[in-house]
Amino acid sequence: MVDSLYKKVVARQPLATPDRKIFGPYLSKKLLRGIDANDACGREWHRQNPDPNLKPPDALLEFGIFSGDEEESEPQAFHIEKTDIEKDGSYRVHVKLTREFPSYKLVWHVAAVVVPENGRPVVDDMVYLKDDEHDTDERLSEILSQERASICQVKDHNLFR
């Protein structure tokens, strides 16, 4: 399932909200609710701030939820390195991502947190793994929650429980 997902990620390089028809079947209901809540906050922000020159405080606009931020948002290749089973029964699928530029090659790692839902595996969260550029592991669920708090000035931490 993760292999099939990343083939689509590399081919389409989705930013911000991924196309629901293409990527929705790979995502858990909980993760989809979190993405939908962020989209609703963004729409509300734009409704309250109609000036087209204003940019919302939304770092997810240029964020690849399956890969990371900035240069990491558009991977050109992937390799599944290993799968770990967690104490809670979920799986952590470690993925190496790469992107080549004329003068260098960028390599980074993420982990898809996979859980069973309705008899099939789905991605319930993403972990952007600590490396030279990132001081700590970061979870997509936490990033989405922080973005909602920033944009909508609400804290809806129950969304990811």
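We did not get these values from a lab; they are worked out from the coordinates using the rules stated. Remember, it's a predicted structure, so these values are computed and weren't measured experimentally. Glycine also receives a Cβ, built like all others from the backbone with ideal geometry; neighbour counts cover every protein chain displayed.
For the reader, a short list of remarks on this structure follows.
- Computed E for GLU142/PHE101 - FRET, C-beta separation, R0 30 angstrom, nearest 0.05: 0.55
- Dividing the Cα radius of gyration of the chain by its Kirkwood radius returns 0.97 for Rg/Rh.
- Model label sites at ASP39 and LYS8, defined 7 Å from Cα along the beta-carbon direction, differ in position by 1.4 nm.
- For the chain: relative contact order, % (alpha-carbon pairs under 8 angstrom, 6 or more apart): 24 percent
- Of the GluC sites (Glu not before Pro) found in segment 1-87, the ones in coil according to DSSP and having at most 11 other Cβ atoms within 10 Å of their Cβ are GLU86.
- Residues LYS96, LYS21, arranged from fewest to most other Cβ atoms within 10 angstrom of their Cβ, appear as LYS21, LYS96.
- Listed by Cβ neighbour count within 10 Å, with the fewest neighbours leading, TYR6, TYR91 appear as TYR91, TYR6.
- Ranked by how many other Cβ atoms sit within 10 Å of their own Cβ, fewest first, the residues TRP45, TRP108 fall in the order TRP45, TRP108.
- The chain: calculated mean residue ellipticity at 222 nm from DSSP helix runs of at least 4, using -39500 (n - 2.57): -9500 deg cm²/dmol
- Listed pairs LYS55/LYS96; LYS87/LYS130; LYS7/LYS105; LYS7/LYS82; LYS8/LYS29 exceeding 23 Å between Cα atoms: LYS55/LYS96
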